[in-house]
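Values quoted throughout were computed directly from the atomic coordinates according to the rules given, and no laboratory measurement underlies them. The shown structure was predicted, so the numbers you read here are calculated from the model rather than taken from an experiment. Note: ideal-geometry Cβ built from the backbone for every residue, glycine included; neighbour counts use all protein chains shown.
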Amino acid sequence: MIRIISLLTALVVLQACQTSPQRSADKPKNVPYGEVISQRYQIAASNITYAETNLQRIYYWPAQVKTQSVLVFIHGGCWLNAYDYTHARGLFTALAKQGVATFAIEYRRTGDAGGGWPGTLTDIQQALPAVKQWLDEKALGDVPVYLAGHSAGGHLALLAAQSVTFPVEKVIGLAAITDPATYAKGANSCQTATPQFFNGMPDELAEAYAAATPDVASIEAPVILLQGNADAIVPVTQSQLAGSNVIISEGAGHFDWLHSQTPAYQLLLDQLLEGAE
């Protein structure tokens with residue numbers, strides 16, 4: 001049962017579909033992609049490879065104060081290789097200041113050799129054991145770990161959570177794509193990128209789309225879907241995933257989750273610091 005609490009070339013084109021940024025009590029809402037990538041950021045402190053290619057890497061942002069939690073993050077970008085982890089560095093930097101250490105997984109995407117379905121998911125599944133080993137090496141094994149992703153990365157996080165081999169506190173989808181078959185039939189430029197990822201439409205590849213549809217019953221940790229009701233890229237209907245807990249951020253657009261000055265970011269931070277000392 002779903003519980004609802006009311007509280008990037010392709011992406012740039014889609015921004016025109018979103019309303020102008022709104023500001024409430026000095027907190028912006030429905031921020032454009034340009035504001036996300038213009039945030040101040042620090043580069044990763046270190047990185048490692050988890051497979052053979054340079055794209056298959058994990059980037060680490062340590063907490064700048066006492067580590068309260070660990071975020072394993074999968075970036076979005078319509079599964080396309082035009083968008084990499086770097087657009088979310090402002091988020092990782094802001095979280096580090098709040099005691100959240102981040103491991104950001106880079107992976108092969110549509111347009112990369114070996115990317116697309118199912119190779120992209122295979123990369124994420126390969127990366128997670130490497131994250132666990134790195135956690136242990138950094139003595140972070142006892143810190144709460146959260147697995148999250150944004151947009152197409154949220155889709156991958158939900159799928160990877162079905163086979164993750166170490167405990168996670170929660171699995172968090174930020175404007176996550178949860179029903180790729182329905183999403184592929186849409187007309188915006190991220191929706192039309194979906195058949196490229198699968199190399200076909202749902203009626204041609206029914207088994208592939210079914211295998212790529214997250215199943216909350218197969219995930220041991222609680223599943224939280226954070227969704228903005230002003231999102232013109234991933235519609236709010238994509239948050240209707242049976243068994244998940246849904247939190248709607250009023251007035252939030254697609255990119256608010258990545259911008260540290262928004263109410264949506266605060267909702268994410270609250271999830272990551274829940275139960276922190």
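Side notes on the structure shown:
- About its Cα centre, the range 117-212 has a charge dipole of approximately 160 debye under the convention of +1 per Lys or Arg Cβ and -1 per Asp or Glu Cβ, with nothing else charged.
- Per principal axis, descending, Cα span of the range 154-237 in whole Å: 37, 32, 16
- In Hz, Karplus ³J(HN,Hα) per residue of the range 192-203 (6.51, -1.76, 1.60; θ = phi - 60°; x = Gly, Pro): 6, 7, 4, x, 5, 4, 8, 6, x, 8, x, 6
- Neighbour counts of other Cβ atoms within 10 Å put 172, 37, 58, 43 in the fewest-to-most order 43, 37, 58, 172.
- The range 213-277 and the range 77-143 have Cα centres lying 18 Å from one another.
- Order of 27, 132 under a 10 Å beta carbon neighbour criterion, fewest first: 27, 132
- Overall, the chain carries a charge dipole of about 620 debye about its Cα centre when +1 sits on the Cβ of Lys and Arg and -1 on the Cβ of Asp and Glu, all other atoms neutral.
- Trypsin sites (Lys or Arg not before Pro) within the range 66-97, DSSP loop, no more than 14 other Cβ atoms inside 10 Å: 66
- Ellipsoid fit via the Cα gyration tensor, the chain: semi-axes of 24, 23, 18 Å, each the root of five times an eigenvalue, largest first.
- Within the chain, DSSP assigns beta bridges of which about 25% are antiparallel (rounded to the nearest 5).
- Residue order for 259, 155, fewest other beta carbons within 10 angstrom first, comes to 259, 155.
- Among 42, 61, 201 the positive-end extreme of the charge dipole of the chain (Cβ point charges): 42
- The GluC sites (Glu not before Pro) of the range 178-272 meeting both criteria, a DSSP state outside H, G, I, E and B (loop) and at most 12 other C-beta atoms within 10 angstrom of the site's C-beta, are 204, 220.
- Positive-end ranking of 114, 247, 93 along the dipole of the chain, with charges on Cβ about the Cα centre, is headed by 93.
- Shown for the chain: lysine pairs separated by 8 or more places, or found on different chains, whose C-alpha atoms are under 26 Å apart, numbering 12.
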